[in-house]
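Below is one structure, written out as structure tokens; the observations come after it.
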Amino acid sequence: MGFAIAETLASYGAKVILISGPVSLKCENENILRINVISAEEMKTECLRHFDNCNGAVMVAAVADFAPLVVENQKIKRTSDHYFIELRPNPDIAATLGKIKRRDQILVGFALETSQEEENAALKLQKKNLDLIVLNSLIDNGAGFQYDTNQVKIIDKSGVVFTSGLKQKREIAVDIVNKMIAAENFILGLT
């Protein structure tokens, strides 16, 4: 989904910085500068490095909420029937950017919810100082990570919900970018 949004923004003429975790996808448009990262900490560092010089950010990456406290660099041998891994919270990159976002920037977040979906997404929108949040559901057939299609709800600050219907991810990206343009015009007072 992130690559589809980056390609759509670039096709509209935007200069895009795509900060990506390890995936095999390729960028097609020359207006996209791709920065590869491995960890949530690296992603946060790169986002903070570039955010001040951007019109906004779309936080699509499915960064895990938690990471192992200790990362082993060798195989862990089986010594018992149980092994416990202690976790620490990963940085909340969207919330971090929301704290430093200027009035002339737009910040779009994504939410994957499994219960009280719209309510939880709307809370994230407010809590993280987002302008739009894109809600993904695990219960929609043909949508999600393992499909080329998706179905989302886009919620704005006033609580207006746009439902995309099941479409190709590139078509969903166009819906998201068009909502960003409408929100950005509102933010900048251009409408």
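See the values below:
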| quantity | calculated |
| --- | --- |
| Helix 2-11 axis, angle to the chain major axis (alpha carbon atoms, nearest 10°) | 30 degrees |
| Degrees, to the nearest 10: 40-51 long Cα axis against longest axis of the chain | 30 degrees |
| Gain in span if fully extended, HIS50 to ILE35, counting 0.36 nm per residue against the direct Cα distance | 4.3 nm |
| Charge tally in the Cβ shell below 13 Å around MET1, where Lys, Arg are +1 and Asp, Glu are -1, MET1 excluded | -1 |
| From the coordinates shown, semi-axes √(5λ) of the Cα gyration tensor in Å corresponds to which of [x] 27, 23, 16; [y] 29, 20, 18; [z] 31, 18, 15 | [y] |
| Protection proxy ranking, peptides 86-93, 72-79, average beta carbon neighbours within 10 Å, highest first | 86-93, 72-79 |
| Estimated D of the range 55-145 in µm² per second, where Rh is the Kirkwood radius over Cα pairs and Stokes-Einstein applies at 4 °C, 1.567 mPa s | 83 µm²/s |
| Sequence-distant residues sharing a close amide H with GLY56 (under 5 Å, placed H) | ILE106 |
| Filter on LYS44/LYS169; LYS44/LYS167; LYS15/LYS157; LYS44/LYS77 - keep pairs with C-alpha separation over 28 Å | LYS44/LYS167; LYS44/LYS77 |
| Backbone HN-Hα couplings from phi across the range 87-97 [Karplus 6.51/-1.76/1.60, Hz, Gly and Pro as x] | 10, 10, x, 6, x, 8, 5, 4, 5, 4, 5 |
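Read-outs: derived from the displayed coordinates by stated rules, not from any lab. Predicted, not measured: the structure shown is a model, and the values here were computed from it. Methodologically, a virtual Cβ is constructed for each residue, glycine included, from the backbone with ideal geometry; neighbour enumeration extends over all protein chains shown.
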